[in-house]
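**Student:** Pasting a structure below so you can have a look.
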Amino acid sequence: MALPAHRTPLHELSNDYSYAEPTSPSFSSPIPQRQRKRPRLSEQENEDNLLKASNNPIIKSTVTEDASDTLPDILPRKIQASTFARLHASTLSTRRLAFSRPSTAPILRSLVSSHHSDVFKIHSTSSQHTFDLPVSCAFSNNTKQGNGSWLLAVSTEEGKVEIMDTRRRGDMDPEPSRKTIQPHAGAIFDVRWSKDDNRLLTGSGDASCSVLDVETGETYATLSGAHISSVKQVQWNPCNSSVFASGSRDGSVHIWDLRVSSEGTYKPVQSIVQAHRDPPRKGTRTKGTGNGARSITSIIYSLQRDDVIYTSSSANGIIKMWDLRGPTKRAALQCEETSVDSTMQGIASSGLTRQPSFMDTLAASTNNGANTSPKRARGICSMALDPTGSTIYAVAADSRIHRYSALTLAPPKPLSSSTPEPFTDPRLRVSSFYVRTSVSPCGQWLASGSSGGQVFLWSLDAASPCDKASAVLDAKWNGEADVKESAAVDWACDGTLASCSDDRTVRVWRSDLDRAMRCRDDEATARADWAWAEV
C-alpha cells in the first residue's frame, strides 16, 4: 500500500535524528515524524562532542552572554548540561558573589505628607479640648492587600472609633465622609479589623472588649467581667473570626469565643492569670501582691499555629510563647520564653491554666546601653509579626527594637554582618508603653513610634544599617518647639504609613519621590504645606 504524499518511508529517514520535512505543499505546517531513539553515547564520544562544542563559535557567543542560561538545541541534553557546567562555571560563580539585593531605603526617604489633605483630626465632645486624642490606628486588611480600599480605623481617648477614607486627594478636595462609633466610655487602647473587614475589635480602659459591626456601626457584643483593669491589647485569631485574645493591665490574658455565650453573657474559654508574674525566690516569702500584676503590653497570634500566642509585659523584657491546646484545670499550659537580652534564653516550666507558676524567669536587658541591676527589669512596649509569621520584632524600653525567631524565640541570623542588631538610632527615645511598632505588608520595612514625636523607619535588607534609621518622619507643624509623642503606627500597601501623635492628629505618609525632591530643594517654602522624610 502506497504511503500518503506527506509521509516519508522509514528507510529514507536521515541519520541526524531530526524530523522529516513534508514533501507535499498541501500542508501549511510540517507534520513531525516518529523520532528514532538516540543511542547511548560512550564516554569518549561525549568528550569528543564536548571538544567540538567548545570550539563552536555559536556556542561560544551564547555562553559568554550573561543574560543566557541555556544552549541551543543542537546537542543531546547530557552534552548540553556538561558543556554549560564547564564553560559557564566561572561566570556563574562571579555572578553569585556579585549579586546583592538592592536596598529599599530610597523608597522610605520619598515619603511625604500634606498638612492639608493627609492630616486628620477627630472633634472632641469634651469642653476641655477641641480635638480628641488618637490612641491607636489600624488599616483594614483590604487596604494592606491593595484591593482598592483605603479605610483606617482610629480609636480615641474618649472611647470613639473613627473609620476614615484615607485615599489620596487634592489639597482643596473635601474629605470623604467618616463613620463614628462610640462603644466605650473610656479610652480605647487598641483596635483591630477582622479578617473579612466586617467587624472591629476594641479593648478599652473600662476593662471590657467590644465587637463592632462596621456596616451598621452597632455593637455586636460587649465582653466584660473577666478583666479587672484596662484592656491594653486585643488580637483576632487569624484562622477563626469568632476567637480573639485580650491582655490587660491586671496581667491576665483571656481567650474569648463569640460562639460561646449564656443569655448574651460571654465568659473566657481560656485564661492565663498573671502571665508575666515573677517566680517566687527560694527561701523568701511573698506578702499580698508582692509578686503583683505585670501589665500585658502586647499579644500576637502565630500564623503557623492558631493555638500559639506570644505575650510581652511592661515589667520585664521577656517574650513568652504559650501553647493553648486543650488546657484544663488539671492540664499543664506549656510556655517558652526569651529575653530582650539575646544572651539570655531558656524554657520556663509548665504551670496551671488558672495560675501558672514558673520555676525560672530570665532577667531583662539594659536601658540605652547602660547596664543595670537584674532586679530592675526593662519592659517591652510592643511586638509585631512579619507577614510570613517567622520573625517577631519587639520595641523595648531600652529604646531598641529586637528581632526573634517566632519558632524558637532565639535571635535569628543577622541581616547584615557590617552592623549588628538590634535596630536602633541615636535619636530614638522610648519612654512610654504607648509606643507601637509595625512591619509593612510586603515585609520590607519596619516602623516605630517614639517619645520624641518622630517615626523611625528601617529597611529590612542586608544593604541597610541597623544602628541608624533609614528615614525619620517628623510631623511638627512649621518647626514647632514642643515635643509630642508619636505612638501608634500602621502600614498599608505601597509604602503608605499612618501615625498617631499627641498633637491630636492622625497623619498619613505616602511615597512621592518628585514631591520629596522638590521639598528638599526649597525647604523654607515647602515647610508650610508639607512634611517629608529626613535621613
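What follows draws every value from the coordinates through simple rules; no lab data is involved. Just so you know, these numbers come straight off a predicted model, no measurement behind them. We place every Cβ from the backbone using ideal geometry, glycine too, and count neighbours over all the protein chains shown.
**Student:** Less than 13 Å Cβ to Cβ from residue 141, Lys/Arg counted +1 and Asp/Glu -1: what total charge do the surrounding residues give?
**Tutor:** +1
**Student:** Dividing the Cα radius of gyration by the Kirkwood radius, what Rg/Rh value follows for the range 390-535?
**Tutor:** We get a ratio of 0.97 for the range 390-535.
**Student:** Right, here's the next one. Provide the net charge surrounding residue 159, with neighbours chosen by a C-beta distance below 11 Å and charges set as Lys +1, Arg +1, Asp -1, Glu -1.
**Tutor:** -3
**Student:** Moving on to the next point. Give me the percent of Cα-Cα pairs in the range 114-231 that sit more than 19 Å apart, rounded to a whole number.
**Tutor:** Summing the P(r) of the range 114-231 above 19 Å gives 48 percent of all pairs.
**Student:** Below 10 angstrom from the Cβ of residue 110, what's the summed charge of the other residues (Lys, Arg +1; Asp, Glu -1)?
**Tutor:** Spelling it out: positives minus negatives among the neighbours equals +1.
**Student:** Here is a further query. For the range 208-284, report the translational diffusion coefficient in µm²/s to the nearest whole number, using Stokes-Einstein at 37 °C, 0.692 mPa s, and a Kirkwood Rh over Cα pairs.
**Tutor:** Approximately 239 µm²/s, per Stokes-Einstein.
**Student:** Determine the distance separating the Cα centre of the range 387-436 from the Cα centre of the range 500-530; give it in Å without decimals.
**Tutor:** 27 Å
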